Structure formats: C-alpha cells, structure tokens
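Below: the structure, in structure tokens.
The values are calculated or read from the model by the stated rules, or taken from the named source; none is laboratory data. For clarity, every value in this text was computed on a predicted model and none was experimentally measured. In this analysis, Cβ positions are derived from the backbone assuming ideal geometry, glycine residues included, and neighbour counts consider all displayed protein chains.
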Amino acid sequence: MTRFPFTALMIASLACSAPVAAINPIVQTIYTADPAPVVHAGTLYLYTSHDEDQLVKNFFTMKDWRCFSTNDMVNWTDHGAVASLRNFTWADPKISGWGGFENGAWAPQAIERDGKWYLYVPLQGRGIGVLVADNPFGPFEDPLNKPLVANDNIDPSVFLDDDGDAYLYWGNPKCWYAKLNDDMISYDTALGDHGLVVQEMTPAAFGQRSKPDPRRPTSYEEGPWLYKRNELYYLFFGAGPIPEHLGYSTSTSPAGPWKYGGVVMSTQGGSFTNHPGVVDYHGKTYLFYHNAALPGGGGFHRSVCVDELTFNRDGSVVPLDMTEDGPAPVAELDPYQRVEAETIAWASGVETEPAGDKPGNMVIAAVDDGDSIEVQNVDFGAPGAAKFAASVASDEDAGGTIELRLDSADGPLIGALSIPGTAGSWKTLSTDVTKTFGVHDLFLIFRGPPAGNLYRVDWWKFEP
Ligand code: FUB
C-alpha cells in the first residue's frame, strides 16, 4: 500500500508545524466494511461490519458489528465489537441454517432517539433485526426475539426526519422501505404489503443499468442510505453491475418516488462492492465508503474510508474519487485530557482488544518493537507540554519504552517512557518531555526486545 512520503512532511522546529493530512482507510487494525455514520452530542460515531481475516469458503465471513468514534475526522477511537450474531437467539443454527452464529453479520446502521440507541442489522438469509441499548456501545438487546423484517433481505438503513417520522430502507435487488412507528421496533402495517413497500424500480428512478440483468432492471443494487439536505431527500446506493459504483436519486418525500441523479463514485478501489454512508458534521458533508486498500485487501477484506462530499448549487452531487488523504481535521486533539490509546489516525503493527467489562473500552495490545501509532493535529498550546503519562501493563519479564516523536515516525524525539515488567497489573507511569508547543502530529513508537508482545497501553496524556 502506498502512503504519504512522511519525510517530506517533517518540520525543522518543534513549534507551530502544519499538521499532516488524514489518511484512508480510517481503520488499520482490522478489516471494516459497510460504513454507517451517525452524529450525536458533538461526536461522530461510525458503525461498520467486520470482515474476518480467515475466510470460510472464500466468501463474506462476518460475525460482529464494530463502532468507532471521532471528534475531529482524523483520529478515530476504537470501541470494539458492540454487537454480534450472538445477540440474536434466532441466529441459532438450530433455528435457521445459513451461518448460524458464525456468519452473516452484514451491513448495519444505528441511530439515537430519545436516549435509546437502535442498531438495525441484517442476518444474511434470515432477515433484518433490531437491537436496543442505552448508549452507543451497548450492551445491546433484542427486544423482539425475532426479525423486525422477515423477508430474508439485507442492508437496513434508518432515517429520522425532522418531523419525527422514521423510515427503514433496505434491499437487494429491489429497494424497499417501511415507516417505523415511534417505538422504532415496529412499523406501520397499513402501508404496502403488510407494511413493506417496494419502490418502483425504473431507470428514471434509479438509473439505466449498463449491462442487462433479469433481476435488476435499474442500476440500483443494494446498500440504500437516506439523507436530507435543504428539504431534498437523497437516496445513495451501491449500484451495478458488479464491480459496484455508488449512485444517487432524489425525491421531495422520504418515501419517494425517486428521480435518478447520477454517479457519486465510479467503480474503483479493488473491492467488488461499495457501500455509502453520508452524514453532516461540523458544517461539512462526508461520504463514507469502502475499498480494498489495506494489505491483503479484496472483495472480502474491505476497509472503510471517508472523504468530503460537495454539492452543486442546484443540489446535484459533485462526483468524487477515493483518496488516501481523507478529509482535513475539523478540530484539534487536546493532549492534556486523558486520550484513549486506541485513538488513532494511523496504526502500524498493533492490535486493539477489549479492556475490562465496560462496553466500548479497548486497549492497545500485540505491541512489537517498531510498531507505532500516529495521532494527528495534537494541540500542545502555548503553555507547552512538559510531562507525559500513560497507563500501561506488561508481563513480568516484558516491557520496553514508548518513544514520543513529532510530525513523523523519525521526527524529533521529545521523550521516552520506560516501561518495566508490571506482572500484568496496570500502572500509571510518567516521564519529562522536551517542552513542546503548538499543533503537531504525535507518533508513539513502541520499542522493546524482539520477542514482542511488549506491553498494553490503556490511555495517555501530557501535562503542562
Ligand atoms: O458486507 C456484505 C454486503 O456487501 C453488504 O450487505 C452489501 O452492501 C455489500 O457491501
């Protein structure tokens, strides 16, 4: 995978450097797909599906749904698996075949309403389920103990309109919707076929397909995503033929009928699927999508990326290409608050793993000599940083150091935290650092004996 020539971005001084741009894909520790962003209380949460490293029968192998969050669009905090097929009793292979608890956790979407979080997910081949939690990380529970939509379809997408009306879209090869009731776990059965409404699948609504397909009369394939801007409703979707591109249609109503708008993102990126997620954040609009950009990437090993989406004056979408740069930061990261170590712009080598039984809390693990984490756009401010502290744990005979470097992996060294063997217990350790001012990208370079598995890191912070 090609990356930025970091050395070209190195700075001579420790003060007031220009931050390096963000880097796609936004998660490097696992394969992620089917992005579903949602903004709540100033934070952008991103739910994804998860392609397992080990494939079964060389096909989609997906067991759980993941969550990440950001406050700046460049550093993403990993909250781990927030739900899995095991949340659904009706995924039990004794009840339905398909992948049982082992496969079929396809494209999710979550939304918050009146203090509750609703996670809509397909269990491929078994229908669409809904889970409910009190916070974005769960624990999520299945209030129905059966599918919400039992028509064996995929790719649920939920939309809450300004007037409080909520819609659930989904479907491959046709585009369907149901109007959700206020409880968000049932729908208005007076509409369509017992509540399930299929859209008119015409080229005028979803575009002319370039290659005839008897099951698909339009370019619509799957992955609908409803979005509203200036009183106009947009339906973004994965479009065929395979390999997919992203297309969109518009309507003056969230229920359609839809008018085809064009291509948003042409076929590119090395995965035979693509899947849109669109959200407004800090006054900008972002398109999340997936590709095969990580090492080992492919159609079943995908990675979520993000770029800014712009519109013409008439409301039409300006088509865009995938980038490695991603969007510019929309905020600085405050290093004087505790920063979860799994808050990452770019990770090399490390993994994340759950910490304790608090949902959504992860730590950095599987640390080997030379691994690193980049955190972008860190604002050390005018008083400047003088001290660095971190919560770490290592095995009895393991340990090592964390080097702190600015603006590139071999940039100026401002300090190094020594980590002794802690016999597995968590210790807060600190070290003095060269006084550091202004905005920088921070590199945590992990060092230690070649045997590896050096230590785990829970959080870090600087002190003035
Ligand atoms: O991730 C499995 C499937 O691939 C999704 O449900 C589709 O949207 C496509 O991305």
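Values for this structure:
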{"read-out": "Per-region count, segment 440-464, residues of a type outside the set (A, V, I, L, M, F, W, C) and assigned to a loop (DSSP other than H, G, I, E, B)", "value": "7"}
{"read-out": "Residue match in segment 54-63 (condition: within 15 Å of the ligand (Cβ to nearest atom), more than 23 Å from HIS282 (Cα to Cα), without any contact (Cβ under 8 Å) to a residue 12 or more places away in the chain and outside the structural domain of ALA365 (by TED's automatic domain parsing))", "value": "yes"}
{"read-out": "Members of segment 125-151 found to be assigned to a loop (DSSP other than H, G, I, E, B), crowded, with 19+ Cβ neighbours inside 10 Å and on the phi > 0 side of the Ramachandran plot, listed by number", "value": "GLY138"}
{"read-out": "Residue count, segment 177-197 (criterion: in contact (Cβ under 8 Å) with a residue 60 or more places away in the chain and either in a strand (DSSP E or B) or farther than 23 Å from GLU112 by Cβ (or both))", "value": "2"}
{"read-out": "Residue check, GLY247 within 16 Å of the ligand (Cβ to nearest atom), among the small types (Gly, Ala, Ser) and modelled with pLDDT of 95 or more", "value": "yes"}
{"read-out": "Which numbered condition LYS174 fails, given (1) surrounded by 14 or more Cβ atoms within 10 Å (Cβ to Cβ); (2) within 30 Å of PRO359 (Cα to Cα); (3) touching a residue at least 40 places away in the same chain (Cβ under 8 Å)", "value": "(2)"}
{"read-out": "Boolean, ILE154 is within 15 Å of the ligand (Cβ to nearest atom), within 25 Å of the chain's Cα centre (by Cα), without any contact (Cβ under 8 Å) to a residue 40 or more places away in the chain and not in a strand (DSSP E or B)", "value": "no"}
{"read-out": "Scope segment 212-236; condition of a type outside the set (Asp, Glu) and outside any strand (DSSP E or B); matching residues", "value": "PRO212, PRO214, ARG215, ARG216, PRO217, THR218, SER219, ASN230"}
{"read-out": "The lone exception for ARG86 - which of (1) out of contact with any Phe, Trp or Tyr (no Cβ under 8 Å at 6 or more places or on another chain); (2) surrounded by fewer than 23 Cβ atoms within 10 Å (Cβ to Cβ); (3) under 20 Å from THR32 (Cβ atoms) it fails", "value": "(1)"}
{"read-out": "Test: residue in segment 73-87 that is more than 16 Å from the ligand (Cβ to nearest atom), in contact with a Leu (Cβ under 6 Å, 6 or more places away or on another chain) and part of a loop (DSSP other than H, G, I, E, B)", "value": "yes"}
{"read-out": "Residue list for segment 285-315, restricted to those being part of a strand (DSSP E or B) and either touching a Leu at 6+ places or on another chain (Cβ under 8 Å) or without any contact (Cβ under 8 Å) to a residue 12 or more places away in the chain (or both)", "value": "THR285, TYR286, LEU287, PHE288, TYR289, HIS301, SER303, VAL304, VAL306, ASP307, GLU308, LEU309"}
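Quick grid of which residues meet (1) over 21 Å from SER348 (Cβ atoms); (2) acidic (Asp, Glu):
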residue: ALA385; (1), (2): yes, no
residue: PHE388; (1), (2): no, no
residue: SER425; (1), (2): yes, no
residue: ASP441; (1), (2): no, yes
